[in-house]
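Okay, so here's the structure we're looking at.
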Amino acid sequence: MAWIDKLVGRSPIGPMQKHMHVAVLCAREIVPLVEAMIAGDDNAIRERRAEIDRLESEADQIKNEIRSHMPRRFLMATDRRTMLEILAGQDAIADVSQDIAELVDQRGMHLPEDLKEPVLSLTKHVVTACEQGQRIIDELDELVETGFGDSEVGRVEEMIAELGRLESATDKDFDRAARALFAMEKELGVATYFWYQIILWIANLADISERVGNRLRLLMAT
């Protein structure tokens, strides 16, 4: 990407891709976190929270570096704004993952039997959507180097469409997990609220990933 570096100074593309990689690592940690919740293993829950905290901190450092060095003119002012919006979306993946781990650890949340399968299934599908978001961001350098050529744009558009399909599938997983939760509402009492928050945050990771893809679509259209 030598030409783009000469045009706008220090390119944000590589750091943006690194940031997304770390953000998705945070999301991936939710799977072993849920598995620890299924096992009722408080030590494993604390370990997963500590790892997510570490990764979220790393993502914040990268984010701050990107914001500090983002060229004032990244091709066009709209491009710079959209890139910062993409960065904010990526960062939300790490932040929400941390929110999940913190609440689970603080409350010592062990999954009730009827929630184990639907919540784990939801989590795995959500992580698949996040990983698709990472693959899309990994195409940023190719998009720039090809000058947003039709062939590369078309390929990324299809990847974004696939991300949309994955996110839609997680909506069904969320509905199934929520229904299983509310069937236990009398048994769980006030804890129902906290379980719903955890399930909602997990599902939101896929929504955030889709928004990241949609912001990139906007960048390609400008």
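The values are calculated or read from the model by the stated rules, or taken from the named source; none is laboratory data. Everything quoted here is computed from the prediction, not taken from an experiment. Methodologically, a virtual Cβ is constructed for each residue, glycine included, from the backbone with ideal geometry; neighbour enumeration extends over all protein chains shown.
In this structure, does V127 turn out to be surrounded by 17 or more Cβ atoms within 10 Å (Cβ to Cβ), under 23 Å from A23 (Cα atoms), of a type in the set (A, V, I, L, M) and touching a Lys or Arg at 6+ places or on another chain (Cβ under 6 Å)?
Yes; evaluated as a whole, the condition is true for this residue.
Just one residue in the set V119, V153 is touching a residue at least 24 places away in the same chain (Cβ under 8 Å), crowded, with 20+ Cβ neighbours inside 10 Å and either hydrophobic (A, V, I, L, M, F, W, C) or farther than 18 Å from A36 by Cα (or both); that residue is V119. Summed over region 179-222, the residues that are under 30 Å from E152 (Cα atoms) and among the small types (G, A, S) give a count of 5. Scanning region 137-154 for residues that are more than 11 Å from M220 (Cβ to Cβ), out of contact with any Lys or Arg (no Cβ under 9 Å at 6 or more places or on another chain) and part of a helix (DSSP H, G or I) yields I137, D141, E145, S151.
Do we have any residue at all in region 195-202 that's farther than 21 Å from C26 by Cα and of a type in the set (F, W, Y)? It would help to see each step written out before you state the result.
Step one: filter region 195-202 for residues farther than 21 Å from C26 by Cα, giving none.
Looking for residues that are farther than 21 Å from C26 by Cα and of a type in the set (F, W, Y), one finds none in region 195-202, hence no.
Inspection of region 99-116 identifies no residue that is at pLDDT 95 or above, under 27 Å from G189 (Cα atoms), assigned to a helix (DSSP H, G or I) and within 11 Å of the chain's Cα centre (by Cα).
What about E167, is it under 16 Å from the mean Cα position of the chain (by Cα), assigned to a helix (DSSP H, G or I), at pLDDT 95 or above and among the charged types (D, E, K, R)? Against the criterion (under 16 Å from the mean Cα position of the chain (by Cα), assigned to a helix (DSSP H, G or I), at pLDDT 95 or above and among the charged types (D, E, K, R)), E167 qualifies.
The requirement of being in contact with a helix residue (DSSP H, G or I) (Cβ under 7 Å, 6 or more places away or on another chain), buried (at least 17 other Cβ atoms within 10 Å of the Cβ) and not in a helix (DSSP H, G or I) is fulfilled somewhere in region 23-46, by at least one residue.
How many residues are of a type outside the set (A, V, I, L, M), modelled with pLDDT under 85 and in a helix (DSSP H, G or I) when one looks only at region 52-80? Lay out the reasoning, then the answer.
Our first condition is that a residue be of a type outside the set (A, V, I, L, M); within region 52-80, this holds for 53-54, 56-58, 60-61, 63-65, 67-69, 71-74, 78-80.
Retained after the next criterion (residues that are modelled with pLDDT under 85): 69, 71-74, 78-80.
Imposing the further condition that a residue be in a helix (DSSP H, G or I) reduces the set to 69, 78-80.
Count: 4.
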